[in-house]
Each structure stands twice: as structure tokens, then as C-alpha cells.
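The values are calculated or read from the model by the stated rules, or taken from the named source; none is laboratory data. Just so it is clear, the model here is predicted, and its values are computed rather than measured. Here the Cβ is made from the backbone with ideal geometry for all residues, glycine too, and neighbour counts use every protein chain on show. Accessible surface areas use protein heavy atoms only, side chains included; no ligands, DNA or RNA. Shrake-Rupley method; radii C 1.70, N 1.55, O 1.52, S 1.80 Å.
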Amino acid sequence: MMPEGRDFASAQAEAALAVDELLQALLPEPAGHEADLFRAMRHGTLGGGKRLRPLLVLASADLFAVSPSRALRVGAAVEMVHCYSLIHDDLPCMDDDDLRRGRPTVHKAFDEATAVLAGDALLTLAFEVLAAPQTHGDAEVRLELVRGLAEAAGGRGMVGGQAIDLAAEHRPLDLGSVTRLQQLKTGALIAFACGAGAMLGKIGGPLRQALHAYAHDLGLAFQITDDLLDAEGSVAATGKRVGKDAAAGKATFVSLLGIEPARVQARILARQAARHLDPFGERAGLLREIADFVIARGQ
Ligand code: GRG
């Protein structure tokens, strides 16, 4: 994935381009009455985003010499689930946002019903992609990927975290509860992306465990940085509305720890995440750089 000497920015750009090409191919512009649905799915997935989760799949798969074309399909599947969550999260019944990735949200560019359906269709297409033989020749591996993504995205993962987040609007959370909420809401999908390389390579044991530990710390560092950007960032830099957490009176890592301690905590977690990669030696260079990249925007 990243031959020696290649810098992080070009590895990330190359991965993002490859994911975009595959998403384009998986979401062709159709004719007919359902055309708007597919246009909305394309609007919600193409042309923006850091593509962090697919990059994590590609980088973890590279540790075990998994074919990049297989890893890319898993990366596209995770990105579709991530994009569905953003589309639904932006709806008036949730965060009610007009701007995402610097562009109108899907319900603004289309309408609410189409945005709901576009999210639904992206979620189900993700599993169709994972279940297809091109993703892996071994049906047991495909089954593990399907189950892993379902667990990460569902009620005991991302959707469960979102439900806790909504309930917390009426009940302030302490640091332990915020940590758990975020581990479910954003951490579970990031953890799936990191573990997917090991699933594709049929690797278990201590190496899979090491990736899991990396993902745990990376997910928290990512969320603290997202909180910092909401507190301190600009619409121009983030491509979305900022200051939402404080306006909603939400308990976040930043509101509970304070800005500077939160920044320090993100740095500690990123360093700790990288240490979990020691068993992989030089081969984990890209994953180490991802940990730096994840916190850089908040430092
Ligand atoms: C509504 C089903 C449902 C789930 C909502 C993940 C989530 C749960 C909502 C997304 C909204 C949000 C602000 C989540 C917190 C952190 C996060 C996931 C930010 C966006 O991810 P990035 O920074 O975005 O990777 P890009 O645009 O780069 O892909």
C-alpha cells in the first residue's frame, strides 16, 4: 500500500481516489423513476470526506498482504455505512443541518424522504458488497465481515451510541458515560475498519488484539479532535456547522475536560495507539501516520 519513501498525503490521496472510483462504479447514475434516489446516494457519498475509514481498512489489510482490491471493497462498504449515518444525522429530526462536507446536506439538495431512503439504500448496499464473492473467496470470511459490520453499525454499536446521544439531551452525562457513548457512536465503525484487514487476512490472536487496542485509542483521539473542532474550528475548515455541542448544552470531552487538557489527552491517545503497533514493526508505518493525522487538525 505504501512503498517506502511515499509520504502520507499521497498515500491518503491515492486511497481516496480509489475509493471514489469504486463508489462511482457501485452507484451508477440510473434512468427511471428511482433516478433521484441514486442521485441522492451519490450526493451523500461522492466528492468529499477524508475517507479515513477506507484508509484504515487498506492500511490494516496491507499488514497481512491482503489484495488491495479486496480491501477496497470493504473500505467502500464501511464508507457507505458512514455516509448513511451522516445523511440521517443531518435530518431535521436529528441534528437538522444544512451543510456537510462544504455542500448542502442530502435532504436540502433533495428532500427529507429521499434522504431517508438514500441512507437506507447505502446501508443495505454495504452488506451486498461485503457478501459478494469479489470481496473474498472464502464465504466464512465474508460472513465474518458482514457480522462485524452489522455489530459495529447497529444497536450495540453506532446506532446505539446515537440513541444514547439523543437521550443525553435531557440528562447530562459524566466522563465515563461520554466515553462509552463515543466508543459506540464513532469508535465501533473505526474499530471495524481497523479489524477488517485481519479478517481479510484470516489473522486472529495477539496481532488482531493489537489492532483492536490501536483502534480503541484512535477512536477516542478522533472524537476528542472532533469535539475540539466543534468548539474551536470554522465552517470553512470543517465544511459543517460548528459550535453545535455548546449550543445544545451537550457534555463532550471538551466541555468535561477543558480545551487544553482535551488537546493533551488526544496527543496521549494518539501516541498510545501507535505503541500498540509495535508488534508489526516498520510495516505499520501508515497506521502510525494515520494516528498523527487524526489529531493534527485539533492541535
Ligand atoms: C443517525 C444512524 C445514525 C447514526 C448517527 C456517526 C453518527 C451517528 C453521526 C454522525 C455525526 C457526527 C458529528 C458524528 C461524530 C463524529 C463523526 C463521525 C464525524 C464525521 O466523520 P469524519 O470526520 O467525516 O470522518 P468525513 O466527512 O471526513 O467523512
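General remarks:
- Residue-averaged [θ]222 nm for the chain, counting only DSSP H segments that reach four residues, each worth -39500 (n - 2.57): -21500 deg cm²/dmol
- Under a 5 Å amide H cut-off, with hydrogens placed 1.01 Å from N, LEU99 pairs with THR105, ARG241 among residues at least 5 apart or on other chains.
- Per-residue Karplus couplings for region 127-137, computed as 6.51 cos²θ - 1.76 cosθ + 1.60 with θ equal to phi - 60°, are listed in order as 6, 4, 5, 5, 7, 6, x, 5, 6, 6, x Hz, Gly and Pro entered as x.
- Contour excess over end-to-end distance, with Cα ends at SER69 and LEU46 and 0.36 nm allotted per residue: 6.4 nm
- Measuring spread by the Cα atoms of the chain yields a radius of gyration and Dmax of 18.4, 54 Å.
- Close amide H partners of LYS250, meaning residues 5 or more places away or on another chain with modelled amide H under 5 Å apart, do not exist here.
- Based on protein heavy atoms only, the chain ends up with 44 Å² per residue of surface accessible to a 1.4 Å probe.
- Here the chain has 56 percent of its accessible surface on carbon and sulfur atoms, given a 1.4 Å probe and all protein chains in place.
- Spin-label proximity, SER177 to region 239-279 - amide N less than 12 Å from point 7 Å beyond Cα toward beta carbon: 251-252
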